[in-house]
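Here the structure is laid out as structure tokens; the discussion comes afterwards.
The values are calculated or read from the model by the stated rules, or taken from the named source; none is laboratory data. Note that the coordinates shown come from a computational prediction; the quantities given were computed from them, not determined experimentally. Glycine gets a Cβ as well: all are built from the backbone with ideal geometry, and neighbour counts include every protein chain shown. Ligands, DNA and RNA are excluded from the accessible area calculation, which covers all protein heavy atoms including side chains. Shrake-Rupley method; radii C 1.70, N 1.55, O 1.52, S 1.80 Å.
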Amino acid sequence: MEDAGKYGNDKMSRKLIVAGNWKMNKTASEGKALVEALKNEAAGICSCVEIVVCPPFTTLCSVVEAAKGSRIKVGAQNVHWAENGAFTGEISAAMLKEAGVEYVIIGHSERRQYFGETDETVNSRLKAALAAGLKPIVCIGELLEEREGGRTEAVLERQVKGAFAGISAEDAAKVVLAYEPVWAIGTGKTATPEVAEATHAFIRSVVRALYGEAIAEGMTIQYGGSMKPANARELVAQKDIDGGLIGGAALKADSFAELIRQAVEGNR
Ligand code: 13P
């Protein structure tokens with residue numbers, strides 16, 4: 001078994017997930033058009049990969065509608081921790097569920113950098129998402145100065161432990177992690193496959209210490225940060241990289257579809 005891991009489990013037993021994070025791009029009509037185009041492309045892609053698109057809140061409904069009857073899953077980019085109440089500008093898990101949303105991104109570095117997201121708020125949002133039956137994609141990643149200062153592992157360990165604080169093993173098994181080195185996001189600078197793999201393996205070791213072997217080996221850990229068709233295959237070929245969270249390259253159906261096909265090849 002080519003991909004058999006150090007701990008005896010096969011990478012193929014983990015779910016390969018490629019998700020597009022559209023960030024603040026695509027109006028409702030633009031999103032619908034993108035999903036219509038992606039549906040055609042997706043029909044020819046191996047069913048071994050889960051394809052997710054994460055549009056902005058106001059685009060969710062038109063995208064859910066457009067994705068109906070297809071294999072494309074829809075995710076939101078954030079969720080609040082309270083069930084309802086005086087939280088102007090926020091969206092609850094129940095609202096997302098009723099809109100037909102299945103996944104939700106939590107703790108993206110742009111939320112952490114620009115909107116005051118902390119390990120504590122990530123943890124609260126994660127609990128709310130899990131309680132509502134949403135599938136969380138929890139983002140972690142170090143800043144450039146943290147990597148250069150040799151603090152990458154400490155930062156990631158803090159972020160993983162913070163996100164999972166008070167979360168049962170049963171719930172932890174439902175979480176997808178996305179490692180997104182902040183210095184690689186939107187910069188065109190990708191972590192090399194070797195650097196990404198070493199970091200993913202470290203992240204998995206933190207999950208192992210928290211929840212044991214089976215949950216660590218079963219957890220999908222995506223890479224994100226300037227992933228594109230040209231580098232997706234090599235990244236996903238790494239033992240501990242199980243897909244991607246894609247920004248820029250997910251905004252066009254043809255490049256996103258090609259990236260997904262490359263990821264499938266890499267995962268073999
Ligand atoms: P880019 O693919 O544009 O670098 O963005 C990555 C990202 O932040 C996905 O969440």
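Solvent exposure of LYS32, expressed as accessible area, is near 100 Å², computed with a probe of 1.4 Å over the protein chains only. Based on alpha carbons, the Rg and Dmax found for the chain are 17.1, 54 Å.
Summing +1 for each Lys or Arg and -1 for each Asp or Glu among the other residues whose beta-carbon sits under 14 angstrom from that of SER62 gives +1. In summary, the range 14-71 shows an alpha-carbon radius of gyration equal to 1.10 times the 2.2 N^0.38 Å reference for compact globular proteins. Solvent-accessible area assigned to carbon and sulfur over the chain amounts to 53 percent, based on a 1.4 Å probe.
In the P(r) worked out for the range 92-204, what percent of Cα pairs fall beyond 16 Å?
Across the range 92-204, Cα pairs with separations above 16 Å total 60 percent.
Eigenvalues of the alpha-carbon gyration tensor of the range 11-120, scaled by 5 and square-rooted, set the equivalent ellipsoid semi-axes at 25, 17, 13 angstrom, largest first. Were the residues from ALA173 through SER29 laid out at 0.36 nm apart, the gain over their Cα-Cα distance would be 48.3 nm.
For the pair the range 59-77 and the range 234-265, the centres of their Cα atoms are 19 angstrom apart.
With only Cα atoms counted, the range 119-268 has Rg and Dmax values of 14.9, 41 Å.
For the chain, the solvent-accessible area with a 1.4 angstrom probe is 43 square angstrom per residue. Net charge in the neighbourhood of GLY150 (other residues with Cβ under 15 Å of its Cβ; Lys, Arg +1, Asp, Glu -1) is -3.
Could you put PHE57, PHE202, PHE256 in order of accessible surface area, largest first, with the 1.4 Å probe and the full protein assembly present?
PHE57, PHE202, PHE256
How large is log10 I(q)/I(0) at q = 0.20 Å⁻¹ when the Debye formula is applied to the Cα atoms of the range 111-163, each weighted equally and without solvent? Those come out to -0.74, one per q.
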